[in-house]
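Inspection log for the structure reproduced underneath, given as structure tokens.
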């Protein structure tokens, strides 16, 4: 415990989100650094998913700082990025048991903690879950806030778009946070990637966003007629200035962003403002997978789940180089698929946003078309 208190002056005193709320905004920057270092220290010795959690450290802290969890619900898509969430919600001292026998789960798990609002592991499910919880809250007359955090890779899944389409039509009071790091496990591909890139480089939209938010933040202090006029004003300006209509706006979600996902103080202010805006909303944040650990930033795919590694050098450690190890199941699948495709030209590989994770990268290299 002395080691914890010396190295993690703030984190050693965080046993629940209530402890985070007692901190001054400027202390959140130091807490972010400590949480990131704690993840590096533990995961380097006890392998697990790594770079994804480093990329959302500031977002994780901001969410628990602003929202009243576990009453308010936070749903992490897939769950690869939820290590910081687990550490801040009472599991810091058992985090070293992550993914071990009788230890804590590597993913959010409802039976493990009331802060784990939804059991995950597969991609693209978070928005549907959040939508259902938001509707249930409305039917029960609860003032519960619901947030879904989804990456740009998971957003390519059909289930995510079904939920956006449904949610935009029934006006739930929910927030979707798009964590855009341009990579899922492998670099993101497809039309959505290019669309998000266009948004993040649009100076016109970024300027517009800052000016409009000042108006939106006052929604709770104006009457219905004024609110309607403000909405029409905002929509008219967006339609006039944007090169193309916004995909999320066209599906009924009010779009905000893109913003820096590593500015924890600004994130808390934005999330606080969004809490007061009713209806379905989408906040687009831009992050770096592996943020704060240079080897992971430079090789994001390898450090998605790197196994044992030297935290000082980033060198990955083999447990026993002389001991033969069986091939990974997905590698057997990848090699076999190539063999079959060489014999049958009708076979086409379709990657689920993570080519190396399912070893379809083997086919991509040998048969790029």
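List of remarks:
- From the options 168, 132, 157, residue that is at pLDDT 95 or above and in the same structural domain as residue 262 (by TED's automatic domain parsing): 132
- Residue satisfying all of: in the range 76-107; touching a strand residue (DSSP E or B) at 6+ places or on another chain (Cβ under 8 Å) and closer than 21 Å to residue 19 by Cα; modelled with the lowest pLDDT among these: 82
- For residue 306, the criteria (1) assigned by TED's automatic domain parsing to the domain that holds residue 180; (2) closer than 16 Å to residue 39 by Cβ hold in every case but one, which is (1).
- Residue count for the range 328-339, restricted to those that are part of a loop (DSSP other than H, G, I, E, B) and over 13 Å from residue 358 (Cα atoms): 0
- Any hit, the range 53-61, residues being in contact (Cβ under 8 Å) with a residue 60 or more places away in the chain, outside any helix (DSSP H, G or I) and under 15 Å from residue 265 (Cβ atoms): no
- Selection status of residue 122, outside any strand (DSSP E or B), in contact with a strand residue (DSSP E or B) (Cβ under 8 Å, 6 or more places away or on another chain), over 23 Å from residue 319 (Cβ atoms) and in the same structural domain as residue 177 (by TED's automatic domain parsing): no
- The range 96-148: number of residues that are touching a helix residue (DSSP H, G or I) at 6+ places or on another chain (Cβ under 6 Å) and free of Cβ contacts under 8 Å to residues at least 24 places away in the same chain: 2
The values are calculated or read from the model by the stated rules, or taken from the named source; none is laboratory data. These figures come from a predicted structure and were not determined experimentally. Ideal geometry is used to build each Cβ from the backbone, glycine not excepted, and the neighbour counts take in all protein chains shown.
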